[in-house]
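None of the figures in this text is laboratory data; all of them are computed from the coordinates on show. What you see is a predicted model; the values in this text were computed from it and never measured. Cβ: placed from backbone, ideal geometry, glycine included. Neighbour counts: every protein chain shown.
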């Protein structure tokens, strides 16, 4: 471990399960106070209690990141309660696959609202605090980590709008990186391959069954694998920025 995160504060969205939950645990283990956000408050409360039992500091905040006003309140609450904001992990997202022809358009609306607008709202509200933290001790650097996907690199059939959202995350991240990197706010893009999380549970049954057949014979990543990668990114020394990290299961070809 190159660095710890003592005396810093992290915000993790989509923290009620999967990658977000694992990341909150890992950042807390490394010394950060963590604000954890999602819509399922009961799960957040349970996670916060576990982190505190393990000696960490956690603040559970119920929020829907597709609502800009809730995002502003979320970030303000985190900063007011924990004192600052050094790290943001923009993890909240949904994957709703299926053919474009005859697609239920409400699925597209949901992905665009959460995967794009929600991520943008969080970045916009958090950025002033990240810039302030980057100008201050103890680390004099801050991190915004946006969670994308392999789908943000390669477009595939039955994944068109999900591909669109994740390509958008990549484009936004690179543009923002160029804007703030000179002020020591590092913007990083993490692109997981197949991970064993709840993400496929939201897909329509007939689409999910078809999709999962491609992963039955490989060992998928665990949420902790992605959390470890995120921790690696944000624990780099001030002069080192990991701008993009693609992480697949060893056996995943595409």
Self-check item: Among 68, 53, 117, residue whose mean-square fluctuation peaks in a GNM of the chain (springs only between Cα atoms under 10 Å)
Solution: 53
Quiz prompt | Alpha carbon Rg of segment 1-115, scaled by the compact-globule rule 2.2 N^0.38 Å | solution = 1.16
Exercise. Among 145, 122, 240, determine the one that fluctuates most according to a GNM of the chain built with springs between C-alpha atoms less than 10 Å apart.
Key: 240
Exercise. For n ≥ 4 DSSP H runs only, could you compute -39500 (n - 2.57) per run for the chain, divide by its residues and tell me the 222 nm figure to the nearest 500?
Key: -13000 deg cm²/dmol
Quiz item: Ranked highest first by average number of other Cβ atoms within 10 Å, how do 129-138, 92-101 line up?
Solution: 92-101, 129-138
Quiz item: By per-residue mean of other Cβ atoms within 10 Å, what is the highest-first order of 157-165, 19-27?
Solution: 19-27, 157-165
Quiz prompt | Most mobile listed residue (184, 239, 167) in the chain, GNM with C-alpha springs under 10 Å | solution = 239
Quiz item: Taking all pairs of different Cα atoms in segment 9-247, averaging 1/r and flipping that mean, what Kirkwood radius in angstroms comes out?
Solution: 17.9
Exercise. Would you kindly state how much longer the chain becomes between residue 216 and residue 232 on full extension, computed as 0.36 nm times their sequence separation minus their alpha carbon distance, in nm to one decimal?
Key: 2.9 nm
Self-check item: Cα centroid separation, segment 6-46 to segment 133-171 (Å)
Solution: 18
Quiz prompt | Percent antiparallel among DSSP beta bridges (both partners in the chain, rounded to 5) | solution = 0
